[in-house]
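A short write-up of the structure that comes next.
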Amino acid sequence: MNDTRPTPAVGVNDVLRFVLELFAFVSLALWGFLAWPLPWPGILFGILAPAFAILVWALFRSPKAVFRLDPFGKAIVEIFVFGAAALAWWDLGQPIVAGVFAVVATVSGVISGRKELGA
């Protein structure tokens, strides 16, 4: 018996989007640890901010999401998570990192959204 399932094509933008997701989660963790005084508010925000973002992403935006959304709903979730990461960098006093991340995430999201809509 042959198990020949087609493998999905993974493009450059797909890899970039995965790196952006990881960068967003790490950014939120750094923000939590650095922007709040340690030990307790910092540890709490450093763990819970990325955990909440990962949970929201897994439930609504991941390829195997629990709740299926239309492309516009997925875009809202993506804007929320990536926007929070950009604002975290801005709050940490790194506006260049925030701006570059926001621009790259926006361009990647537009490319992905157009692909998903079939345009």
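The values are calculated or read from the model by the stated rules, or taken from the named source; none is laboratory data. No experiment lies behind these values; they were computed from the predicted model shown. We place every Cβ from the backbone using ideal geometry, glycine too, and count neighbours over all the protein chains shown. Protein only, heavy atoms only, side chains kept; ligands, DNA and RNA dropped before computing areas. Shrake-Rupley method; radii C 1.70, N 1.55, O 1.52, S 1.80 Å.
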| query | Which pairs do you get when a residue that is modelled with pLDDT of 95 or more, found in segment 32-53, comes within reach of a residue that is part of a loop (DSSP other than H, G, I, E, B) and of a type in the set (D, E, K, R), reach meaning Cβ atoms under 8 angstrom, with the pair 6+ apart or on two chains? | reply | none
| said: Checking residue 28 against (1) touching a residue at least 60 places away in the same chain (Cβ under 8 Å); (2) open to solvent by 80 Å² or more (accessible area, probe 1.4 Å): exactly one of these is not met. Which one? | reply: (2)
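Could you list all residues from segment 34-58 that are open to solvent by 50 Å² or more (accessible area, probe 1.4 Å) and farther than 30 Å from residue 75 by Cβ?
37, 38, 39, 40, 41, 43
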| Looking at 91, 70, which one is touching a residue at least 12 places away in the same chain (Cβ under 8 Å) and surrounded by fewer than 14 Cβ atoms within 10 Å (Cβ to Cβ)? | 91
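Residues that are farther than 30 Å from residue 35 by Cα, in a helix (DSSP H, G or I) and over 14 Å from the mean Cα position of the chain (by Cα): does segment 61-71 have at least one? Spell out the reasoning first.
To start, the set of residues in segment 61-71 that are farther than 30 Å from residue 35 by Cα comprises 63-71.
Subsequent filtering for residues that are in a helix (DSSP H, G or I) retains 71.
Next, from what is left, pick out any that are over 14 Å from the mean Cα position of the chain (by Cα): 71.
So far as segment 61-71 goes, yes, one or more of its residues are farther than 30 Å from residue 35 by Cα, in a helix (DSSP H, G or I) and over 14 Å from the mean Cα position of the chain (by Cα).
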| said: It is to be established whether one or more residues within segment 3-20 are open to solvent by 70 Å² or more (accessible area, probe 1.4 Å), acidic (Asp, Glu) and free of Cβ contacts under 8 Å to residues at least 12 places away in the same chain. | reply: yes
